[in-house]
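The values are calculated or read from the model by the stated rules, or taken from the named source; none is laboratory data. All figures in this text were calculated on a predicted structure; none of them were measured in a lab. With ideal geometry, Cβ positions are generated from the backbone for all residues, glycine too; neighbour counts draw on all protein chains shown.
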Amino acid sequence: MHTALLLDMAAGAFPDRLALGSLADGVSYGELALRARAGAAWLDRLGEGSIVFIGLNGPALPTAVFAAGLLARPFAPLNYRLSNEELRKLLARTAPSVAIVDADMLPRVADAPGVVLVSRDQFEAACLDEAHRAAELTEIDPDIAVLLFTSGTTGEPKAAVLRHRHLTSYVISTVEFMGADEEEAALVSVPPYHIAGISAVLTGVYGGRRVVHLPAFTPEAWVEAAAAERITHAMMVPTMLGRVLDLLQASGERLPHLRALSYGGGRMPQPVIERALALLPHVDFVNAYGLTETSSTIAVLGPDDHRAAIASDDPSVRRRLGSVGRPLASLELEIRGLDGEPVPAGAAGEVWVRGEQISGEYLGRKLIRDDGWFPTNDSGWLDEAGYLFVEGRLDDVIVRGGENISPGEIEDVLRAHPAVRDVAVIGLPDLQWGERVAAVVVADAPADQLADWVRQRLRSTKTPEAFFFREALPYNETGKLLRRALRAELAEPAAA
Amino acid sequence: MNLTPGSRWKSAVCDTEAVVVRPPAAPATLECGGQPMVAFSAAKPGGLTVDPAHAGGSLLGKRYLDEETGLEALCSKAGAGALSVSGRPLTIKEAKKLPSSD
């Protein structure tokens with residue numbers, strides 16, 4: 001099934017209902033469908049290949065998603081927070097492609113080989129052009145809907161492949177068509193290059209819930225938009241929630257229209273969610289767990305689960321507040337040991353999942369098995385009632401504020417410093433960010449010098465916030481660095 | 001009738017349109033208003049009308065299931081005819097409503 005059909009259905013049934021943007025001057029489903037058609041007709045003439053999007057959130061994003069879908073060409077949103085060099089490298093990998101780029105970001109990507117560059121303003125103007133709106137589009141059987149570049153464990157981004165059938169199956173199995181009432185509005189603050197940003201567009205349109213985009217997240221902008229736009233639903237990563245709570249606590253604002261807040265994309269510190277439940281008792285909280293490769297959510301801790309957990313004296317129920325809930329009914333989930341066999345409840349292993357929304361594929365590399373099972377590379381366990389507890393990546397990717405940070409890349413940079421003899425970068429638990437980046441080094445240089453060294457070569461979020469100096473690092477007999485031992489040793493005092 | 005996932009069909013007798021979400025386990029004929037549906041891009045045959053025995057209508061956005069073959073179809077446009085497979089009326093598959101997570 002084609003993602004464009006989701007919009008067709010919405011536009012056919014409710015052409016005048018608000019789909020995007022503000023109450024004052026939003027875009028209706030009928031108008032969005034027209035813009036997507038016009039955008040598709042225009043983009044098709046400019047060049048072949050993927051439709052790349054480098055820019056902030058806004059109505060142009062859903063328009064471009066559906067326009068690319070209508071052309072049966074992959075939509076590839078790129079992370080504009082990358083350094084210029086990283087961004088250019090990534091853009092070059094999308095060639096041949098047509099890239100829609102925010103005007104102020106265009107100078108950063110100029111002269112990309114094999115890539116036709118257009119500004120977002122040009123795209124938006126073309127979407128309003130009557131000639132393009134009237135253009136005939138050829139029906140093409142769609143295949144790849146979205147390419148999302150994840151930060152891979154080796155540091156080199158991998159392009160996760162999401163096909164139309166994965167995304168539509170996720171949407172129609174989890175959302176009721178036009179099931180939202182007309183007052184509902186979702187505030188989307190996750191960036192376009194995040195899977196949650198893509199799924200929010202699709203589920204919003206199919207469910208009939210107005211989507212309001214926050215161009216860039218700050219707690220102040222989020223609270224202001226939530227109040228002004230009468231936002232009823234929102235999704236955020238744990239870091240964002242903590243910062244919003246601080247602001248609400250200080251200002252006294254309680255967002256009376258807000259009905260549901262979902263969070264995901266990283267470890268939620270227990271004190272933060274407990275504070276949220278206390279501060280916003282009228283809000284339903286939902287913990288959603290999913291991966292890019294699974295077309296978003298695969299397990300959900302629902303509002304009732306939250307309330308039952310917080311009200312319970314039973315430690316085994318109470319601790320479910322730290323779980324990601326139970327798997328969706330539309331898919332299967334198992335915990336398997338190293339031998340590939342399922343392990344009993346309570347035992348940790350790798351999370352495996354199977355279902356129609358599961359892609360499990362990167363460009364040039366398929367991880368999903370022939371029988372449909374996909375190893376997530378996440379470590380976790382199920383309790384007796386089937387609640388899933390996720391412990392983190394099997395390998396050691398650090399998730400800081402929803403952003404995946406690969407230790408290997410930072411280690412490489414540090415290792416290049418003349419005074420560094422050995423290094424291990426690990427994530428340590430952090431109340432604000434979920435995890436923070438820490439470096440354990442064998443080196444003859446002060447911490448601030450090493451931090452500067454990293455900051456000059458990588459972006460600031462990848463700069464270790466703590467340095468620990470050691471005589472030597474722990475290795476096992478086969479020469480493998482024992483990160484786990486370092487983490488266990490260093491997590492204790494930091495958490496106190 | 002090649003009822004592959006994602007294939008689109010339209011009624012020969014009303015406005016109903018449907019897309020196959022899950023294919024049937026065995027060859028089957030998807031009907032609407034008592035008449036076989038036709039491929040989305042094909043021309044509608046003339047002169048056919050809704051069979052009164054299959055006139056319950058189709059509902060936009062509902063998922064329809066044939067228990068016997070496992071065929072599942074999503075109604076992408078509503079119409080006066082009811083969906084069936086080999087004369088068996090399809091049943092609406094209630095969506096497992098998920099708390100909003102996006």
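Just name the residue that is surrounded by the fewest Cβ atoms within 10 Å (Cβ to Cβ) out of those in the range B:18-31 that are in contact with a Phe, Trp or Tyr (Cβ under 8 Å, 6 or more places away or on another chain) and within 18 Å of B:Pro89 (Cβ to Cβ).
Taking the range B:18-31 and keeping what is in contact with a Phe, Trp or Tyr (Cβ under 8 Å, 6 or more places away or on another chain), we get B:18-20, B:30.
Imposing the further condition that a residue be within 18 Å of B:Pro89 (Cβ to Cβ) reduces the set to B:18, B:20, B:30.
Values: B:Ala18: 26, B:Val20: 21, B:Leu30: 25.
It comes out as B:Val20.
Is it true that some residue in the range A:174-187 is assigned to a helix (DSSP H, G or I) and either more than 9 Å from chain B (Cβ to nearest Cβ) or within 30 Å of B:Ser7 (Cα to Cα) (or both)?
We begin by selecting, within the range A:174-187, every residue assigned to a helix (DSSP H, G or I); these are A:174.
Next, only the ones that are either more than 9 Å from chain B (Cβ to nearest Cβ) or within 30 Å of B:Ser7 (Cα to Cα) (or both) stay: A:174.
There is at least one residue in the range A:174-187 that is assigned to a helix (DSSP H, G or I) and either more than 9 Å from chain B (Cβ to nearest Cβ) or within 30 Å of B:Ser7 (Cα to Cα) (or both).
Which condition number does A:Ala226 fail, the rest of (1) in contact with a Phe, Trp or Tyr (Cβ under 8 Å, 6 or more places away or on another chain); (2) more than 16 Å from A:Arg326 (Cα to Cα) being met?
It fails just one condition, (1).
Out of all the residues in the range B:43-78, which are among the small types (Gly, Ala, Ser) and touching a strand residue (DSSP E or B) at 6+ places or on another chain (Cβ under 8 Å)?
Keep residues of the range B:43-78 that are among the small types (Gly, Ala, Ser), which gives B:43, B:46-47, B:53, B:55-58, B:61, B:70, B:73, B:76, B:78.
Answer for the range B:43-78, where residues must be among the small types (Gly, Ala, Ser) and touching a strand residue (DSSP E or B) at 6+ places or on another chain (Cβ under 8 Å): B:Gly56, B:Gly57, B:Ser58, B:Gly61, B:Gly70, B:Ala73, B:Ser76, B:Ala78.
Only one residue in A:Ala227, A:Ala250 is hydrophobic (A, V, I, L, M, F, W, C), free of Cβ contacts under 8 Å to residues at least 24 places away in the same chain and part of a helix (DSSP H, G or I), so which one is that?
Details: A:Ala227 fails: free of Cβ contacts under 8 Å to residues at least 24 places away in the same chain.
Matching residue, one of A:Ala227, A:Ala250: A:Ala250.
Name the one entry in A:Asp111, A:Asp102, A:Asp25, A:Asp16 that is under 21 Å from the mean Cα position of the chain (by Cα) and farther than 22 Å from A:Leu162 by Cβ. Steps first, answer last, please.
Values: A:Asp111 fails: under 21 Å from the mean Cα position of the chain (by Cα); A:Asp25 fails: under 21 Å from the mean Cα position of the chain (by Cα); A:Asp16 fails: under 21 Å from the mean Cα position of the chain (by Cα).
After ruling out the rest, the residue left standing is A:Asp102.
Sort out which residues of the range A:304-323 are outside any loop (DSSP other than H, G, I, E, B) and surrounded by fewer than 20 Cβ atoms within 10 Å (Cβ to Cβ), and write them in order of number. Explain how you work it out, then say what you get.
Filtering the range A:304-323 down to residues outside any loop (DSSP other than H, G, I, E, B) leaves A:304-311, A:315-322.
Residues satisfying the conditions are A:Asp304, A:Arg307, A:Ala308, A:Ile310, A:Ala311, A:Pro315, A:Ser316, A:Val317, A:Arg318, A:Arg319, A:Gly322.
What is the residue count in the range B:39-69 for residues that are surrounded by 13 or more Cβ atoms within 10 Å (Cβ to Cβ), of a type in the set (Ser, Thr, Tyr), part of a loop (DSSP other than H, G, I, E, B) and within 14 Å of chain A (Cβ to nearest Cβ)?
0
May I ask you to say which residue of A:Ala424, A:Ala416 is in contact with a strand residue (DSSP E or B) (Cβ under 6 Å, 6 or more places away or on another chain) and either of a type outside the set (Phe, Trp, Tyr) or farther than 18 Å from A:Leu482 by Cα (or both)? So that I can check it myself, show each step before the final result.
Numbers: A:Ala416 fails: in contact with a strand residue (DSSP E or B) (Cβ under 6 Å, 6 or more places away or on another chain).
Result of the check over A:Ala424, A:Ala416: A:Ala424.
In this structure, does A:Ala288 turn out to be among the hydrophobic types (A, V, I, L, M, F, W, C) and not in a loop (DSSP other than H, G, I, E, B)? Quick ask: steps written out before the conclusion?
Values: among the hydrophobic types (A, V, I, L, M, F, W, C): yes; not in a loop (DSSP other than H, G, I, E, B): yes.
It is true that A:Ala288 is among the hydrophobic types (A, V, I, L, M, F, W, C) and not in a loop (DSSP other than H, G, I, E, B).
Identify, from the list A:Leu20, A:Leu43, A:Leu34, the residue that is farther than 24 Å from A:Glu182 by Cβ and either crowded, with 24+ Cβ neighbours inside 10 Å or of a type outside the set (Val, Ile, Thr) (or both). Even if it seems obvious, please write down each step before you answer.
Working: A:Leu20 fails: farther than 24 Å from A:Glu182 by Cβ; A:Leu34 fails: farther than 24 Å from A:Glu182 by Cβ.
Result: A:Leu43 is the single residue among A:Leu20, A:Leu43, A:Leu34 that is farther than 24 Å from A:Glu182 by Cβ and either crowded, with 24+ Cβ neighbours inside 10 Å or of a type outside the set (Val, Ile, Thr) (or both).
Return the pair list, or none, for Cβ contacts closer than 6 Å from residues in the range A:167-188 that are assigned by TED's automatic domain parsing to the domain that holds A:Leu56 to residues that are assigned to a loop (DSSP other than H, G, I, E, B) and acidic (Asp, Glu), at least 6 apart or on different chains.
Going by the 6 Å Cβ cut-off, the qualifying pairs are A:Ser169/A:Glu356; A:Ala185/A:Glu229.
Filter the range B:78-102 for residues that are in a strand (DSSP E or B) and surrounded by fewer than 20 Cβ atoms within 10 Å (Cβ to Cβ); which is nearest to the other protein chains (Cβ to nearest Cβ)?
Here is the first cut: in the range B:78-102, the ones in a strand (DSSP E or B) are B:79, B:83-85, B:88-89, B:91-93.
From what's left, surrounded by fewer than 20 Cβ atoms within 10 Å (Cβ to Cβ): B:88-89, B:91-93.
Details: B:Arg88: 22, B:Pro89: 20, B:Thr91: 16, B:Ile92: 12, B:Lys93: 10 Å.
Per the criteria, the residue is B:Lys93.
Mind listing whichever residues of the range A:199-212 are at the interface with chain B (Cβ under 9 Å from one of its Cβ atoms) and part of a helix (DSSP H, G or I)? Break it down into steps so the answer makes sense when it comes.
Quick first cut of the range A:199-212, residues at the interface with chain B (Cβ under 9 Å from one of its Cβ atoms) only: A:199-204, A:206-207, A:209.
Within the range A:199-212, A:Ser199, A:Ala200, A:Val201, A:Leu202, A:Thr203, A:Gly204, A:Tyr206, A:Gly207 meet the criteria.
Filter the range A:268-303 down to the residues that are over 27 Å from A:Ile198 (Cα atoms) and free of Cβ contacts under 8 Å to residues at least 24 places away in the same chain and list them by number.
A:Ala278, A:Pro281
Only one residue in A:Pro142, A:Pro215, A:Pro192, A:Pro113 is free of Cβ contacts under 8 Å to residues at least 24 places away in the same chain and either in a loop (DSSP other than H, G, I, E, B) or surrounded by fewer than 24 Cβ atoms within 10 Å (Cβ to Cβ) (or both). Which one? Talk me through it step by step, then tell me what you get.
Working: A:Pro142 fails: free of Cβ contacts under 8 Å to residues at least 24 places away in the same chain; A:Pro215 fails: free of Cβ contacts under 8 Å to residues at least 24 places away in the same chain; A:Pro192 fails: free of Cβ contacts under 8 Å to residues at least 24 places away in the same chain.
Answer to the selection: A:Pro113.
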